[in-house]
Structure formats: structure tokens, C-alpha cells
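The values are calculated or read from the model by the stated rules, or taken from the named source; none is laboratory data. The structure displayed is predicted, hence computed values, not measured ones. We place every Cβ from the backbone using ideal geometry, glycine too, and count neighbours over all the protein chains shown.
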Amino acid sequence: MEEFDDIDDEVSSVLHCMAAAEAMFFDEDPGLHSQSTSSHAGRQTGQAKRDYGDRESEWKIFMDEFEARGEADESKIGRTFRFRFGLQLSLFRDIYNEVLHLKWFGEADKKRDATGKEGHSLEVKLLGTLNILTRATVLDQEAVLTHISASTLHKFFWRFCEHFATVMMPVWVTPPRHEKDIQMAAAPYESKGMPGCIWSTDVVHVVWDCCPAGWQTYHKGSKGCTTRAFEATGSLDLEICGVTAGHPGMRNDQTIVKFDGLVQAMHTGEIYADVTFEYFDANGVKQTEQGLYGISDSGYHKWRCMISKHSFPVDAEKAWE
């Protein structure tokens, strides 16, 4: 029965959203659809202008129902929340409290204008922003779901992304520093027969459909379309250790890695140079090696800190150059 209740709640949410969208199209109050199914006769062209703040958004309704049930992150509704917004509810709460603590958008959750009218909820703005980042939705669609104008969401979206990238990223996107963290990051690789490996590195290309015509020559590379390239480094536990800024899509991996501060620090011996690990050589004898490494594809430099597959067998000295 709980499964049917979940389905009914989701269907009701979708229907409510459709009714609100239809009401917005006809300049009506969505509450009229739930009270009466009468025709649209008698509408006047001089109706009052819509006020998004007087309506409870779909995201707010979803959050209230989620918290009222006390569902865990691993429950069905918890997985639905993660699917819609790209993260767990507990993590969303941490971000929400951190934004309030840092006062990125003021001290209160809801600001008031000069007339004393209460503004839009910070919680709903964050949900709308996360939905855009997760599903690449357009602002006009989020305006329907959040009941916040597209212009307001547009300003909030860019301000949040700027703050998050400059303040939160250096805190959360960091390589393992302490001995315990290094061991935890290297353990999954060691269990798969790669002792001494701590992360994986590769370049990710993101399609840029709106690339200006004058820049397309620099952004069209091997992918056949205009892209922005980002080099990302992460562990087997899906923890991001570092990421570069965007590069033109025509640049290859060997060029982009030279701008990656994390890999360069490992290449020059600034980090992990004194960490030792054990392995068995071709004769089955246990050996000790100093300095960790990462794995990559064959498009990178033949650096010791970036081990890739080899098309042809090489001796031990060349493999570790």
C-alpha cells in the first residue's frame, strides 16, 4: 500500500504542476481548478497581474511532504529527491545552512521589500538552481515549478554558482592530505591489483551548442563539435579530488594536464613523494617503492605519476620514466 501511496503522491504532484501551468497561461489562480471545473467563460482581459509569491511552489510542496514523512535518504522518496536534484536531502540541508551562515544572500531565509512584503524562499531558489544544474532545464520551466520569475532565478543562479565555485569548492574538492585519507583513497586500487595508485585522471568534454562563431575554430576538436574541456581527477569512491578550469575543445590531454595544478604538484614531487607502498615484481619478490601515482589513458605524457596502458611491452626502466 505504501508503494501505491507514493505513486499517488507523485501523480498528484504532476497534476498539480500541470494545473498551475495552465492557470498561469490563462492568468488564473490555480486553486480555481481544484474547486471547480467550470469553463473559462467570463474572463476579463484586465485581470490582475500574476503574483508568483502568493503561490506555493511545487518544489516547496515536495519538500514539505518529504520532511513530514520523515523519510530517509535511502528510501524510495529519498531516491526520488536525489534523482531530481542530484544530491541527498541531508547534503542539501548542509548546503542550505551553510549559505545562511555565510550570508551570501542576506541573513534571513526570506527577504522583505520596501513595502514589507515577504520575498521568495531561499530553499525554493536553491532547489530550482540544483534542478537546472542536474537536468539542464531552462529558466522558464523552473519559473513554472518554483513560482519565481525567470529574471529573479537568473540572477540567483549565477550568484550562487559564483559563490559556490569560489568559496565551497576549495573546501570540498581537495586531494587526500592526511595519512588516513591517503590510505582510504588507495585501498580500492590496491584491492584491484594496483598498489600505490591513489586516483584516476581524464579530460571530460562538455558540448557547447551556443559557442560563438568566432570561437568555433578553437573549440572544435576530435569530438566533431564545439566543446569545453575539463580535466577531472577522482577516486574509485567517486570522490572528486580536483578539476581544472574550462579549456577550448581543440586542446588535447597533454596540453591541458600542464594547467592542472594537482597533477603538476604530484609530478614535481610536492605531494605524495614520501609515501611508500609495496608490490611484487615479476619474480614474485616483494619490493618497496616511494611516491604514489595515478592512472590515465594513453593520451597523456609518459610521466611516472601518470601510469597508462602500453600497446607494446617495455622494460621496467622505461615504464617508470
query: Only one residue in Gln290, Gln264 is without any contact (Cβ under 8 Å) to a residue 12 or more places away in the chain and either out of contact with any His (no Cβ under 9 Å at 6 or more places or on another chain) or loosely packed, with under 13 Cβ neighbours inside 10 Å (or both), so which one is that?
result: Gln264
- line: Trp158 meets each of (1) surrounded by fewer than 18 Cβ atoms within 10 Å (Cβ to Cβ); (2) out of contact with any Pro (no Cβ under 7 Å at 6 or more places or on another chain); (3) in contact (Cβ under 8 Å) with a residue 60 or more places away in the chain with one exception, condition (3)
- prompt: Inside segment 181-193, can you point out the residues that are within 29 Å of the chain's Cα centre (by Cα) and not β-branched (Val, Ile, Thr)?
  reply: Asp181, Gln183, Met184, Ala185, Ala186, Ala187, Pro188, Tyr189, Glu190, Ser191, Lys192
message: When you scan segment 197-207, do you find a residue that is surrounded by fewer than 16 Cβ atoms within 10 Å (Cβ to Cβ) and modelled with pLDDT under 90, even just one?
response: no
task: Would you check if there is a residue in segment 232-246 being assigned to a loop (DSSP other than H, G, I, E, B), surrounded by fewer than 13 Cβ atoms within 10 Å (Cβ to Cβ) and either in contact with a Leu (Cβ under 7 Å, 6 or more places away or on another chain) or at positive phi (or both)?
output: yes
- prompt: Between residues in segment 188-206 that are assigned by TED's automatic domain parsing to the domain that holds Val257 and residues that are part of a loop (DSSP other than H, G, I, E, B), which pairs lie under 6 Å by C-beta distance while being six or more apart or on different chains?
  reply: Pro188/Leu236; Gly196/Leu292; Ile198/Leu292; Trp199/Ser235; Thr201/Ser296; His205/Lys223; His205/Gly249
